[in-house]
Amino acid sequence: MPIRVLIVDDSATARAVLRDILESDLSIEVVGTASDAYVARDMIVELRPDLICLDVEMPRMDGITFLKRLMHYMPMPVIMVSSLTHSGAKTTLEALDAGAVDFVAKPHSYIYDGKEEMRDELLSKIKTAARAKVYKRDLSTLKQANTTSLLETTNKILAIGASTGGTEAIKDVLMGLPRNAPGTIIVQHMPANFTAPFAERLNSLCAMEVREARNGDSIVPGVVLIAPGDYHMVVRRSGARYYVEIGSGDKISGHRPSVDVLFNSVAKIAGVNAIGVILTGMGGDGARGLLSMRNAGARTIGQNEESCIVYGMPKVAYELGAVEIQLSLAKIANGILGLL
């Protein structure tokens, strides 16, 4: 059976482009298009689509408000379509927090210019999202870690990798860590212009300081460095000082930044002084890198299938023998503290 998709976008041009892209794949059926949330509401009740492709900015009711109501009354997989602007990135992160599975960035203000650029990413993410676990969220149960120091200062490094569903999983892990937790380095598959707002949002929620990584930044307790979109991040060492190096280069495992690139550098430079965590995500990026970390003496944790939005990256890592401990998302922060 094809994946039945409803397109919701206030732009007639965008609706036409998205329909053209989706209908080019025989495994996807566009069951309808809607110009705003109110039209979409009625079509959802009538057509019962498997997935919604939703614009962020719409008249009458914005995409975030509509998404929150949808996830309360009729949860289903949603892919957000967002601009590459700073404000568009921040709104998209709100959508992921509200329950969207993933997002696709509009590469240009005139969407026809980036149609071919969008095609493969959009089709791939829709096929993944259609299989994702979607559930009603109770955000009131989220608790932040005690902001007092719970650990002795340590020179250990915490390396985390994630993809689809990872923005919320990373938030949950970091909110469970104290302000003097080990220096933390993260690769989340995300395009340029999205990682800085992502870091800003996490910084407002977590006890640790969170920021987008800059070339030469030291890896120190209490600081989280997020790899910038479209750049690889690796660990280097000068004497007793660990720091990050940011650079371009070819995509590895299909991604830039790549979790494998980060994890392989951690294995080489930090060895037994590291903890590696692989979270929800599509594909296998990070699995072999995590195995390298474990072989170098690092402790490793993988998110379990039941708590993953997409059990892809952690599954590949587990099957390779890279995962020492498999935990639900809710237990990963305490698992990290336990290993320390």
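Who wins for biggest fluctuation among LEU47, LEU290, LEU158 in a Gaussian network model of the chain, springs between alpha carbons below 10 Å?
Highest fluctuation of the listed residues: LEU47.
Straight-line reach from LYS268: which aspartates and glutamates have Cα under 16 Å away, leaving out those fewer than 8 places along the same chain?
In chain and number order, the partners are GLU245, ASP260.
If you line up the long axis of helix 12-23 against the longest principal axis of the chain, both from Cα atoms, how many degrees apart are they, to the nearest 10?
Approximately 70 degrees, to the nearest ten.
Scan the chain and hand back the longest stretch that contains none of the trypsin sites (Lys or Arg not before Pro) lying in DSSP loops with at most 11 other Cβ atoms within 10 Å.
Values: sites that count: LYS136, LYS143, ARG214.
The answer is 1-135.
Per residue, how much space in cubic angstrom lies within the convex hull of the C-alpha atoms of the chain?
Working: hull volume 42.0 nm³, N = 340.
Taking the convex hull of the Cα positions in the chain, it is 123 Å³ per residue.
Give a residue-ordered list of calculated ³J(HN,Hα) values for region 324-333 (Karplus: 6.51 cos²θ - 1.76 cosθ + 1.60, θ = phi - 60°; whole Hz; x for Gly, Pro).
7, 10, 10, 9, 6, 4, 5, 9, 5, 4
Please go through region 9-59 and write out the GluC sites (Glu not before Pro) that DSSP classes as loop and that have at most 10 other C-beta atoms within 10 Å. Present the calculation step by step, with values, prior to reporting the outcome.
Working: sites: GLU23, GLU29, GLU46, GLU57; in loops: GLU57.
Counting only loop positions with at most 10 other Cβ atoms within 10 Å, none of the GluC sites (Glu not before Pro) in region 9-59 qualifies.
Calculate for the chain the 222 nm mean residue ellipticity that helices alone would give, adding -39,500 (n - 2.57) per DSSP H run of length 4 or more and normalising by residue count, nearest 500 deg cm²/dmol.
Values: 11 runs with 122 residues, N = 340.
Estimated from H runs of four or more residues: -11000 deg cm²/dmol.
Between exposed chymotrypsin sites (Phe, Trp or Tyr not before Pro) in the chain, where DSSP calls loop and at most 14 other Cβ atoms lie within 10 Å, what's the longest gap?
136-340
Kirkwood hydrodynamic radius, computed over distinct alpha-carbon pairs, for region 144-339: how many Å, to one decimal?
Across region 144-339, the inverse of the average 1/r is 15.9 Å.
Read the figures in this text as sums done on the coordinates, not as results from a lab. Everything quoted here is computed from the prediction, not taken from an experiment. All Cβ positions, glycine included, derive from the backbone under ideal geometry; neighbour counts span all protein chains shown.
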